[in-house]
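The structure appears below as structure tokens.
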Amino acid sequence: MAASCSFRSVIGAPPLTRGLARSAVRCRSAASPAPGAGGAASTSKLVVEVKERLAREHPGLPTGRNGRDDDDMILWFLKDRKFSVDETVSKLTKAIKWRQDFGISELSEESVKGLYQTGKAYIHDYLDIYGRPVLVVMAAKHFPSTQDPVENEKLCAYLVEKAVNRLSSGAENILGIFDLRGFRVENGDLQFLKFLIDVFYYYYPKRLGQVLFVDAPFVFQPMWQVVKPLLKSYASLVRFCDSETVRKEYFTEETVPPDFRS
């Protein structure tokens, strides 16, 4: 379908200039202010408090990286919960349990290769111009009627974990690109989208910096009307655009993903 009659043209999503896009990235990446006048010292005390609460109330949770004594993870969830210890303990407990039950540490390219080889989703080899890892999803290759939903969730978790692990020093979130060219009704999957929303809200909070919906056709409109309320504040991260915008505003000629090269 021509870009002039795409879903993007109907909703009238204004294109961001590169300057505005850079500013938006900086705002989303900025760390939340530490509570109180103590600054770093006060924040460190909160990290210790959360760590002690988790050890006392949930001693069965794993330790080590991404565990109940991981200072970096605790601090990240404290920022997400605006430094509320009670809310941080609750959300972090849920996230660590999910990682354990889902077997995140055991996921590998080999374990998800069945769907990974379809090319339906992948982590791009290069960062975008803002230094963010890039998760690309080819929606037209997603077939919920024939693909195992559990395997789809495993692939999703593996790729999100891989993207977050690629964050360089100073970078805090990733870019998600949903290529909607060729999207049909049979590619729609509300249950999977609900899972994806939960992943980013509960288990990887504030790790999603921006989402690009590229060349969305009219048939995507009903799906968007259902999904948008579920996103809540995350809906502000969504930008509808065309493939040319992806090329010109998010990558250089050398780093643009192969699927978006002219």
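The values are calculated or read from the model by the stated rules, or taken from the named source; none is laboratory data. None of these values were measured; they are calculated from a predicted model. Ideal geometry is used to build each Cβ from the backbone, glycine not excepted, and the neighbour counts take in all protein chains shown. Protein only, heavy atoms only, side chains kept; ligands, DNA and RNA dropped before computing areas. Shrake-Rupley method; radii C 1.70, N 1.55, O 1.52, S 1.80 Å.
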Run Gly182 past the list (1) open to solvent by 10 Å² or more (accessible area, probe 1.4 Å); (2) closer than 17 Å to Tyr122 by Cα and report the number of the one that doesn't hold.
(2)
Right, Glu172: closer than 21 Å to Ile197 by Cα, touching a Ser or Thr at 6+ places or on another chain (Cβ under 7 Å), open to solvent by less than 50 Å² (accessible area, probe 1.4 Å) and not in a strand (DSSP E or B) or not?
yes
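With respect to Leu212, is the statement that it is free of Cβ contacts under 8 Å to residues at least 60 places away in the same chain and open to solvent by less than 20 Å² (accessible area, probe 1.4 Å) true? Walk me through it before giving the result.
Details: free of Cβ contacts under 8 Å to residues at least 60 places away in the same chain: yes; open to solvent by less than 20 Å² (accessible area, probe 1.4 Å): yes.
It is true that Leu212 is free of Cβ contacts under 8 Å to residues at least 60 places away in the same chain and open to solvent by less than 20 Å² (accessible area, probe 1.4 Å).
Can you tell me which residue among Arg166, Arg132 is open to solvent by less than 40 Å² (accessible area, probe 1.4 Å) and over 26 Å from Val226 (Cα atoms)? Let's see the steps before the verdict.
On the way: Arg166 fails: open to solvent by less than 40 Å² (accessible area, probe 1.4 Å).
Among Arg166, Arg132, only Arg132 is open to solvent by less than 40 Å² (accessible area, probe 1.4 Å) and over 26 Å from Val226 (Cα atoms).
Going through the stretch 234-262 one residue at a time, which ones are basic (Lys, Arg) and part of a loop (DSSP other than H, G, I, E, B)? Steps first, please.
Step one: filter the stretch 234-262 for residues basic (Lys, Arg), giving 239, 247-248, 261.
Listed by number, the list holds a single entry, Arg261.
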Quick check, is Pro217 over 30 Å from Thr146 (Cα atoms), open to solvent by less than 30 Å² (accessible area, probe 1.4 Å) and either touching a Gly at 6+ places or on another chain (Cβ under 6 Å) or not charged (D, E, K, R) (or both)?
no
Yes/no for Val112 being over 18 Å from the mean Cα position of the chain (by Cα), under 22 Å from Lys194 (Cβ atoms) and in contact (Cβ under 8 Å) with a residue 40 or more places away in the chain
yes
